[in-house]
Structure formats: structure tokens, C-alpha cells
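As C-alpha cells, the structure follows; a few thoughts come after it.
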């Protein structure tokens with residue numbers, strides 16, 4: 001018998017033994033594990049993920065059901081793919097499913113030990129989350145900064161107008177990123193971090209996207225934790241370089257502010273002042289390290305997800321001219337053609353709101369919500385073993401034909417008479433998550449994205465660069481930690 005035959009025989013034997021052990025485990029103590037594909041020795045079901053895991057996992061759920069077990073290397077993973085099961089886990093048993101399992105990439109620079117995104121739900125997490133909600137995302141703070149947001153959106157329209165005058169296309173994602181970046185940086189630092197008339201945001205945008213891309217890569221360490229000290233793919237090392245660049249930028253801004261405060265005294269003009277004041281008065285709640293990590297979370301996650309959502313919304317409107325026309329008619333009727341939107345206008349624009357909801361349904365900013373159970377949990381009769389990774393496939397829920405009619409069709413009218421929102425109460429539409437771990441930027445996104453989109457659509461007619469026909473528009477996703485558009489959207493603004 002040659003070596004290859006021996007190897008095949010050994011693998012078959014291992015597979016048989018592994019399978020018998022799994023069957024015994026599944027039936028032991030009367031516990032019922034969720035169904036799933038048979039895992040091979042060592043690698044489990046990793047071979048089934050492909051280069052778009054959210055799509056592959058969605059197909060597997062069609063076969064094995066809304067609660068499914070996958071063995072990803074050494075990590076037991078439970079995938080939830082229905083609103084009912086997501087509600088059971090994230091609402092009815094929210095505390096049991098509230099822990100997040102940080103990818104190894106976010107262990108770079110010990111980030112997950114200080115980040116409000118990755119800290120476990122405990123006293124430190126609660127203190128930081130309260131500081132963030134009170135000083136950045138409270139209703140009062142958002143109301144106070146409304147004029148600032150309006151100014152930044154007006155600058156976006158002026159930028160597009162200059163492009164319109166020379167017939168030059170706008171990179172929608174990049175322009176939206178610059179606007180979101182400056183909107184956030186003015187809220188926190190009272191200054192722009194980029195000039196809309198130069199490409200000075202490119203480096204920062206590339207830095208953020210590269211971070212999200214690196215974090216979204218399949219990482220052997222996440223499946224085989226014993227490889228952590230080796231970092232075989234160099235992902236953590238790469239992330240460490242990105243983190244260092246971000247931290248250096250924020251360190252300089254903090255040092256600059258501290259020097260100003262020596263001259264002018266402690267102020268409370270913006271978020272950074274508020275955070276520094278708290279750090280001085282109650283250092284046990286937040287220190288400089290936590291401030292740096294909070295800024296990292298805000299800029300990395302907030303700028304990328306908002307600009308990506310706006311780019312997808314504009315892409316769908318350009319691909320579906322009849323929907324674009326309906327939005328423009330509504331805007332012209334309610335606020336007048338060519339005028340900029342105010343945040344108070346959005347409640348009077350129901351069709352625009354439907355467009356936003358439909359964009360979140362078919363293009364959620366993050367494809368899967370990730371959690372972990374720290375102890376054994378019973379979920380609707382299934383036993384979820386301790387330390388299991390939990391994936392709620394938001395992308396699959398948004399495209400499930402059992403929930404949505406013609407789910408691959410961009411159809412805002414589906415929400416017209418449907419009392420459903422994306423703020424964490426309706427589990428058919430949870431792009432920002434739900435419960436205590438819901439994305440804190442939700443309140444700001446609700447205010448900015450509709451106004452940015454509506455202002456762009458109401459100020460110009462839009463034509464795809466290169467006279468591309470709407471039906472030929474590239475709709476490929478670029479899989480990463482966030483779900484960005486694969487091919488940047490470039491369109492020419494034409495004044496009415």
C-alpha cells in the first residue's frame with residue numbers, strides 16, 4: 001500500500017472516530033445540540049465558509065435550519081438565521097448572549113482589554129458606555145450639534161456643485177467618508193481632519209478600511225487559539241501598525257488640547273473637553289488609555305459604516321431610476337427642489353425613510369452580529385455549549401424569502417404600510433444590533449444618513465460615470481469587518 005493510500009485510510013479512520021464521538025456527545029445526558037454539517041477532524045467545517053462566509057453560512061442554514069452548529073477549527077459556533085431565534089437570544093436571554101468574542105486582530109496593542117466594543121458587560125463597560133452615551137450620543141448633545149452637522153452636509157453639497165460645474169464624477173463613498181469624518185471630528189475635537197477639496201482623507205480612509213479588511217480576514221488564530229503566540233498570518237502585527245498610526249494621531253490632538261487648557265483653563269466646548277474633565281475629576285472611570293481606545297472605536301467603526309451605507313443607498317437609487325424619481329418627487333413636494341434637508345424634515349418624508357430601511361435590509365453595515373456564551377445555555381430546546389461563538393446572520397435575515405417577498409429586489413414600498421424600524425425592536429431588521437450591545441452610534445446615524453442622502457438627491461440629477469447603464473452597475477460586496485461596496489460608486493452630479 002503506497003503512502004497516499006495509507007494517508008487516505010488514516011483520515012477516513014480519524015473521520016469515523018471523530019464522527020462516533022460527536023454522535024455520542026450529541027446524545028449524552030439527553031442534551032440536544034443544534035443540527036449542522038458533519039465536521040472533519042481538525043478543520044471541522046472551515047472548508048464550507050468560502051470567501052464570502054455570510055453567503056455560505058446562509059445557504060447552509062437553508063438546509064440545517066435557523067439554529068445551526070458549525071465546528072470552525074476548534075471553535076464551536078452556533079449560527080442564528082431567523083428573527084424569532086435572534087429575538088430569543090438577544091432579547092429574552094440578552095445577558096447570557098451579551099459577551100463579545102474579540103477576533104485576534106483586535107488583541108493588537110491590547111485593544112480589546114480597554115475598548116467599550118469588546119469589554120465584557122461589567123462595571124468598567126457600564127461606566128464607559130454611560131460616558132459615551134451621555135457626552136456624545138444623548139438627545140441634548142445631538143440637538144446641540146445639529147447646526148454643525150448641517151454645515152458639514154452643506155459643505156458636501158458645495159463640493160458636489162463644484163464637480164457638477166466641470167462635469168467631474170464624485171466618488172460617493174469617499175465624499176461621504178470625508179463628510180462623516182469631519183462631522184465626527186468637529187463633534188469631538190472642534191476641527192476638521194480633512195479638506196474636502198484635496199485627497200487628504202484618503203490616507204485616513206485607507207487606514208480605516210485596511211483595519212476593517214484585516215479584521216474581517218479569515219484568521220487561523222480565531223479557529224485554533226493555540227496559534228495566538230505565533231500569529232502565523234501576521235494579521236495582529238499588521239493591525240498593530242494601523243492602531244499605532246491612529247493612536248499617534250489622537251495622542252497629538254489630545255496633547256494639543258492639554259496645552260490649550262493650560263492657557264485657557266478647563267472647558268466643556270466639545271467631547272474631548274468633556275472626556276478630559278471626567279478623567280481629571282473621576283480618573284477611576286476613564287483615563288487617557290480609555291479615551292484613546294474610545295476614539296479609536298468611534299472613528300474606525302462610525303465613519304466606515306455610515307459612508308458605506310450612504311454609498312449603497314445611492315447605488316440602489318441609481319440602479320433603480322424609478323425609485324430615484326419617487327424620492328425626488330417627494331422631496332420637491334415637501335421641501336422644494338434644490339433645497340437642503342434639515343433633520344426635522346425627515347419625519348415628513350416617509351418614502352425617503354423607506355429607502356433607508358430598504359438599504360439597511362439588503363446592505364447591512366455588518367453582515368453578522370458576533371457574541372459568545374460564557375456558560376451553557378438552552379435556546380428553544382437546543383443546548384448551546386459553554387464558550388460557543390454565536391453568529392447572528394443579519395445579512396441572511398434581510399434576504400430570507402420566508403420573511404421578504406422578492407428579497408433580492410430593492411423595493412422601498414415594502415415598508416410603506418409596515419410598522420417596522422431598525423432601532424432594535426423589530427428583529428427582521430437589526431443592522432445596528434439590539435439590547436445592551438446595540439451600536440451607540442445609532443442615534444447619530446438616524447439623524448445624519450437620511451439628511452445626507454436626501455440633500456444629495458434633492459440638489460442634483462445624477463448620471464453614472466462612463467455612461468454605464470443602471471442595469472450594468474456593479475453590485476459586488478467587498479467582504480470585511482464591514483460590508484463595503486466592491487467597486488467604488490462614481491457618479492456625475494447635474495444641477496437641476
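Derivation of every value follows stated rules applied to the coordinates shown; laboratory data play no part. It should be emphasised that the depicted structure is a prediction, and the values quoted were computed from it without experimental measurement. Neighbour counts are summed over all protein chains in view; Cβ atoms, including those assigned to glycine, are modelled from backbone coordinates with ideal geometry.
Starting from the Cα of residue 386, step 7 Å along the direction of its Cβ; do the same at residue 32; then give the gap between the two resulting points in nm.
Calculated label separation equals 2.4 nm.
What percent antiparallel are the DSSP beta bridges of region 31-495, to the nearest 5?
85
To the nearest 10 degrees, how steeply does helix 3-27 sit against the main Cα axis of the chain, on a 0 to 90 scale?
That works out to roughly 80 degrees.
Among 480-487, 257-264, 420-427, what's the highest-first ranking by average C-beta atoms within 10 angstrom per residue?
480-487, 420-427, 257-264
How do 312-318, 286-292, 446-452 rank on mean C-beta neighbours within 10 Å, highest first?
Going by the mean number of other Cβ atoms within 10 Å, highest first, we get 312-318, 446-452, 286-292.
What FRET efficiency comes out for residue 374 versus residue 43 if R0 is 22 angstrom and r is the Cβ-Cβ distance? Round to the nearest 0.05.
Calculated value: 0.30.
Between residue 210 and residue 230, 0.36 nm times their residue separation minus their Cα-Cα distance comes to what?
5.0 nm
When the chain is fully extended, how far beyond the present Cα-Cα distance does residue 252 get from residue 348, taking 0.36 nm per residue of separation?
30.3 nm
Based on the Cβ-Cβ distance of residue 337 and residue 285, what FRET efficiency does E = 1/(1 + (r/R0)^6) give at R0 = 51 Å, to the nearest 0.05?
Working from the Cβ atoms, E equals 0.55.
Would you compute, from DSSP H runs of 4+ residues alone, the mean residue ellipticity of the chain at 222 nm, taking -39500 (n - 2.57) per run and dividing by the full residue count, rounded to the nearest 500?
-16000 deg cm²/dmol
What angle, in degrees between 0 and 90 and rounded to the nearest 10, separates the Cα long axis of helix 123-135 from the longest principal axis of the Cα atoms of the chain?
Orientation of helix 123-135: about 20 degrees from the principal axis.
With a point put 7 Å past each Cα toward its Cβ, work out how far residue 420 is from residue 463 in nm, to one decimal.
Between residue 420 and residue 463, the label points sit 3.7 nm apart.
How do the peptides 81-87, 47-53 rank, highest first, by the average count of neighbouring beta carbon atoms within 10 Å per residue?
Peptide ranking by packing, descending: 81-87, 47-53.
Measure nothing but the geometry: give the 0 to 90° angle between the long axis through the Cα atoms of 271-281 and the longest principal axis through the Cα atoms of the chain, rounded to 10°.
The angle comes out near 70 degrees.
Which entry in (1) 69, 27, 16; (2) 40, 29, 22; (3) 42, 38, 22 is this structure's computed semi-axes √(5λ) of the Cα gyration tensor in Å?
(2)
What nm value, rounded to one decimal, do you get for the distance between residue 147 and residue 402 when each label is placed 7 Å out toward the C-beta?
5.3
Enter the Cα centre distance for the pair region 47-65 and region 114-144, rounded to the nearest angstrom.
Answer, in whole Å: 34.
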